[in-house]
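J.: First, the structure itself, so that you have it in front of you.
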């Protein structure tokens with residue numbers, strides 16, 4: 001998330017509270033807030049586990065909330081504190097506060113010419129909807145969502161709910177508040193009762209020309225390319241990339257952080273647990289090459305007869 005204006009390190013500390021020791025260049029300005037996988041130069045992020053120190057310190061972030069001063073800073077401005085998560089969340093909440101709403105369509109929403117909004121639709125702040133769209137009854141479109149032209153969203157879908165993202169504490173789970181968004185391209189159709197979560201700090205993106213059946217879940221920070229067709233009851237975990245022209249049939253499940261490469265077909269009831277090759281046709285749990293899987297199933301069906309023959313020979 002980019003801030004409405006750059007802020008100084010001193011201003012940031014006044015927002016999040018004390019207990020921070022600054023190591024590095026204090027003259028730089030903080031321009032954005034982003035979680036580890038989405039950081040850009042000028043952003044602040046956080047890291048609180050040695051496993052991720054190297055990837056964060058060698059990454060794009062300019063400012064890092066961190067729980068220990070490392071031997072090498074890699075030119076970062078470090079914000080050393082006991083619990084890096086807490087000031088990071090304080091900063092998110094300061095710049096992306098929940099805004100209660102007592103009208104169905106927020107005054108800041110922009111709705112394009114020719115777009116039809118059916119009864120019962122909720123549209124939050126800073127939403128942009130393009131031209132000639134149809135938003136069917138009881139759809140909820142959360143804050144900062146952007147929707148292109150000629151988009152159809154069917155009844156009871158939810159666009160932009162918070163990311164399912166929590167930090168484990170000893171006695172509880174702390175929510176990592178979302179400050180991202182959803183971006184939907186032109187000529188997308190989204191079925192009834194679909195849910196597309198906003199990114200933790202960056203967009204969840206649905207590419208131009210995609211078509212969704214009913215009851216589809218898209219997790220936070222996922223990017224879906226152009227002209228993908230996705231069947232009902234499919235669940236796509238967060239931070240996944242699905243490239244252009246993929247076919248994902250009903251009841252599929254795709255694990256987090258994978259790349260489903262261009263032209264992949266995932267057959268119904270499959271579960272994808274690793275990145276795919278371009279043009280693959282996959283089936284099974286876990287999903288593998290479909291022809292290989294069918295041969296396995298045939299072999300399994302023959303197994304009882306083979307076992308019986310073996311037992312007869314051993315008598």
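Read-outs: derived from the displayed coordinates by stated rules, not from any lab. Since we're looking at a predicted model, the values are computed, not measured. All Cβ positions, glycine included, derive from the backbone under ideal geometry; neighbour counts span all protein chains shown.
J.: Please report, to one decimal in angstroms, the Kirkwood hydrodynamic radius of the stretch 110-290 built from all distinct Cα-Cα pairs.
T.: Numbers: mean 1/r = 0.0615 Å⁻¹.
By the Kirkwood definition, the hydrodynamic radius is 16.3 Å.
J.: How big is the gap, in Å, between the Cα center of the stretch 4-65 and the Cα center of the stretch 111-152?
T.: Their Cα centres are 34 Å away from one another.
J.: For the chain, set up a Gaussian network in which alpha carbons nearer than 10 Å are linked by springs, and say which option among 138, 291, 227 fluctuates the most.
T.: 291
J.: May I pose another question? What do you get for Rg/Rh over the chain if you use C-alpha atoms and the Kirkwood form of Rh?
T.: Value, to two decimals: 1.08.
J.: Only Cα pairs under 8 Å and at least 6 apart count here; give the relative contact order of the stretch 110-290 as a rounded whole percent.
T.: 11
J.: Mind pulling the angle between the C-alpha long axis of helix 85-95 and the longest principal axis of the chain? Nearest 10 degrees, somewhere in 0 to 90.
T.: Helix 85-95 sits at roughly 70 degrees to that axis.
J.: Using the number of other C-beta atoms within 10 angstrom as an exposure proxy, rank 247, 3, 297 with the fewest first.
T.: Placing the least packed residue first, the sequence is 297, 247, 3.
J.: Share of antiparallel DSSP beta bridges in the chain, in percent to the nearest 5? Mind showing how you got there, number by number?
T.: Numbers: 11 of 68 bridges.
Here the antiparallel bridges make up roughly 15 percent for the chain.
J.: Determine the relative contact order of the chain: mean sequence separation of Cα pairs under 8 Å and six or more apart, normalised by residue count, in whole percent. Walk me through the numbers before you get to the answer.
T.: Numbers: 859 pairs, mean separation 24.5, N = 315.
Result for the chain is 8 percent.
J.: At a 10 Å Cβ-Cβ cut-off, how would you order 106, 144, fewest neighbours first?
T.: On the way: 106 16, 144 22.
Sorted ascending by nearby Cβ count, the order is 106, 144.
J.: Under a GNM of the chain (C-alpha, springs under 10 Å), which listed residue has the highest mean-square fluctuation: 200, 127, 182?
T.: For the chain, modelled as a Gaussian network with Cα springs under 10 Å, the answer is 127.
J.: Rounded to the nearest 5, what % of DSSP beta bridges with both residues in the stretch 2-95 are antiparallel?
T.: 40
J.: If you don't mind, another one. What 222 nm value per residue comes from the helices of the chain, counting each DSSP H run with n ≥ 4 as -39,500 (n - 2.57) and dividing by all residues, nearest 500 deg cm²/dmol?
T.: Per the formula, -5000 deg cm²/dmol.
J.: Assuming R0 = 35 Å, can you tell me the calculated FRET efficiency for the pair residue 271 and residue 27, based on Cβ-Cβ distance, to the nearest 0.05?
T.: In this case the efficiency is close to 0.10.
J.: Further question: Express the Stokes-Einstein translational diffusion coefficient of the stretch 1-132 in µm² s⁻¹, to the nearest whole number, given a Kirkwood radius over alpha-carbon pairs, 4 °C and a viscosity of 1.567 mPa s.
T.: For the chosen part, D equals 78 µm²/s.
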